[in-house]
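**Student:** Quick one: structure below, then a few questions.
The values are calculated or read from the model by the stated rules, or taken from the named source; none is laboratory data. These figures come from a predicted structure and were not determined experimentally. FYI the Cβ positions are ideal-geometry reconstructions off the backbone, even for glycines, and counts take in every protein chain you see. Areas reflect the complete protein model, heavy atoms only, side chains present, ligands, DNA and RNA absent. Shrake-Rupley method; radii C 1.70, N 1.55, O 1.52, S 1.80 Å.
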Amino acid sequence: MRGLLTLKDLSTDKIKELIQYALKLKKGFRISYPDKKIATLFFENSTRTHYSFQCALMNLGIKVIDFNSSSSSIAKGESLYDTVRTFEALGVDGVVIRHTKEKYYEDLKNIQIPIFNGGDGKADHPTQSLLDLMTIYEEYGHFEGLKCCIVGDISHSRVAHGNIEIMQRLGMEVYISGPEEFNDHCAEWIPLDEACRTMDIIMLLRVQFERHQEKMKISVEEYHKKYGMTYERMKMMKEKAIIMHPAPINRGVEIADEVAECEKSRIYKQMTNGVYVRMAVISDVLDGNL
Ligand code: ASP
């Protein structure tokens, strides 16, 4: 299958090359594909990923078709495969897909046009991982030996699952923290205060209530006190350490309002970088290099 489905398919050299390409685009390098059309198919809510892909496509001079699942034939029972097959038959040059189903792309093996994964259930979110890595690289200039702790609703997070795999492959030390009910043991768990004192990167996650089967065991206020990035915890962090979050952020839950845009926060820089990594991925695929 063509496109980008998971970073697990890519070597660390290829990932570093994509980051370099995104940095070149950020510095102003331009490339254009005015004859191409790409459709964005989002079956789950999204602000950043959806519109960041659209900005990336527009910056590459590509025409964007925005699919609306609620007014489409999905409402008449059409499958994902038949929907994507339709776009292929219409002459679209690629599709961006976000879906609630993990590895939904396994149902699309007969599709010939590139598929760009905008998030599959709680499994993976490859362009989010790339933008996180780009932000870390811009900060430190390397990955090897950096310590990162991912904090919060780990078990429901595609960001945590995707990032842990690639960060470890790049030589980073990755830990997790947060409530035991969200600990799925995908990395070593450490207490939050210890993480704040020792990590180079604290990556916060939103509590993903929409994926929960049961009500969270603690209140939102208690969550903030025990597991949130409060002003006091931010002050414990090393001088050069940074705070990241894939967003949407819930101010007052996993992050205090005054910390969200503090000097250590790279949250809005992550969003900016998202446009460039998506441009890099789309361009590389259209050029036949990915
Ligand atoms: N935006 C991220 C995602 O799509 C994180 C989140 O929704 O909390 O997984």
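**Student:** Tell me the per residue accessible area of the chain using a 1.4 Å probe; a whole number in Å² is fine. If you can, show how the numbers build up before the last one.
**Tutor:** On the way: 12740 Å² over 290 residues.
Solvent-accessible surface per residue comes out at 44 Å².
**Student:** Express in whole angstrom the spacing between the alpha-carbon centres of the range 1-15 and the range 88-105.
**Tutor:** About 17 Å separates the Cα centre of the range 1-15 from the one of the range 88-105.
**Student:** How large is the helix-only mean residue ellipticity at 222 nm for the chain, computed as the sum of -39500 (n - 2.57) over DSSP H runs with n ≥ 4, divided by its residue count, in deg cm²/dmol to the nearest 500?
**Tutor:** Details: 10 runs with 110 residues, N = 290.
After summing the helix terms and dividing by the residues of the chain, the value is -11500 deg cm²/dmol.
**Student:** Under the rule a/c < 1.5 gives rounded, and otherwise a/b versus b/c splits prolate from oblate, where does the range 146-234 land using the Cα gyration tensor? Please list the in-between numbers first.
**Tutor:** On the way: a/c = 2.22, a/b = 1.24, b/c = 1.80.
Oblate, because a/c is 1.5 or more while a/b does not exceed b/c.
**Student:** Tilt of helix 126-140 relative to the longest C-alpha principal axis of the chain, in degrees (0 to 90, nearest 10)?
**Tutor:** In the chain, helix 126-140 runs at an angle near 50 degrees to the longest axis.
**Student:** Oh, and also: Taking all protein chains in place and a 1.4 Å probe, what share, in percent, of the accessible surface of the chain do carbon and sulfur account for? Provide the component values of the computation, followed by the final result.
**Tutor:** On the way: 6100 of 12740 Å².
C and S fraction of accessible area: 48 percent.
**Student:** Mind running the shape call on the range 34-99? Use the C-alpha gyration tensor, a ≥ b ≥ c as the square roots of the eigenvalues: rounded below 1.5 for a/c, prolate if a/b tops b/c, oblate otherwise.
**Tutor:** Working: a/c = 2.62, a/b = 1.32, b/c = 1.99.
Oblate is the answer for the range 34-99, as a/c is 1.5 or above yet b/c matches or exceeds a/b.
**Student:** Another one. Between the helical axis of 12-26 and the dominant principal axis of the chain, each derived from Cα atoms, what acute angle in degrees is found, rounded to the nearest 10?
**Tutor:** With rounding to tens, the tilt is 80 degrees.
**Student:** Next question. Could you check the spin-label model distance between TYR140 and LYS27? Points 7 Å from the Cα along Cα→Cβ, value in nm.
**Tutor:** 2.3 nm
**Student:** Considering only DSSP states other than H, G, I, E and B, which GluC sites (Glu not before Pro) in the range 134-228 qualify as loop sites with at most 10 other Cβ atoms within 10 Å? The partial results should precede the final answer.
**Tutor:** On the way: sites: GLU138, GLU139, GLU144, GLU165, GLU173, GLU180, GLU181, GLU188, GLU194, GLU210, GLU214, GLU221, GLU222; in loops: GLU144, GLU214.
For GluC sites (Glu not before Pro) across the range 134-228 that sit outside H, G, I, E and B with at most 10 neighbouring Cβ atoms in 10 Å, the list reads GLU144, GLU214.
**Student:** Would you mind telling me the antiparallel percentage of the DSSP bridges in the range 102-231, rounded to 5? Before the final figure, lay out each step's value.
**Tutor:** On the way: 1 of 12 bridges.
Taking every DSSP beta bridge with both residues in the range 102-231, the antiparallel ones total about 10 percent.
**Student:** Rounded to the nearest 0.05, what FRET efficiency do TYR231 and GLN168 have when you use their Cβ-Cβ distance and R0 = 22 Å? Before the final figure, lay out the partial values.
**Tutor:** Numbers: r = 31 Å, r/R0 = 1.40.
With R0 = 22 Å, the Cβ-Cβ based efficiency is 0.10.
**Student:** Then there is this: Report the GluC sites (Glu not before Pro) located in the range 33-114 that are in a DSSP loop and have at most 14 other Cβ atoms inside 10 Å of their Cβ, or state none.
**Tutor:** Values: sites: GLU44, GLU78, GLU88, GLU102, GLU106; in loops: GLU44, GLU78, GLU102.
Answer by residue number: GLU78, GLU102.
**Student:** Pull out a ≥ b ≥ c, the square roots of the eigenvalues of the alpha-carbon gyration tensor of the range 6-146, then state rounded if a/c is under 1.5, prolate if not and a/b is larger than b/c, and oblate in the remaining case. Walk me through the intermediate numbers first.
**Tutor:** Values: a/c = 2.12, a/b = 1.55, b/c = 1.37.
Prolate shape, in that a/c is at least 1.5 and a/b is the bigger ratio.
**Student:** Here is a follow-up. What whole-number value in cubic angstrom gives the convex hull volume per residue for the C-alpha atoms of the chain?
**Tutor:** Values: hull volume 36.8 nm³, N = 290.
Hull volume over Cα atoms, normalised by residue count, gives 127 Å³.
**Student:** Could you list the trypsin sites (Lys or Arg not before Pro) in the range 1-101 that lie in coil according to DSSP, counting only those with at most 15 other Cβ atoms within 10 Å of their Cβ? Could you put the intermediate results ahead of the total?
**Tutor:** Values: sites: ARG2, LYS8, LYS14, LYS16, LYS24, LYS26, LYS27, ARG30, LYS36, LYS37, ARG48, LYS63, LYS76, ARG85, ARG98, LYS101; in loops: ARG2, LYS27, ARG30, LYS36, LYS101.
Those that pass, being in a loop and sparsely packed, are ARG2, LYS27, ARG30, LYS101.
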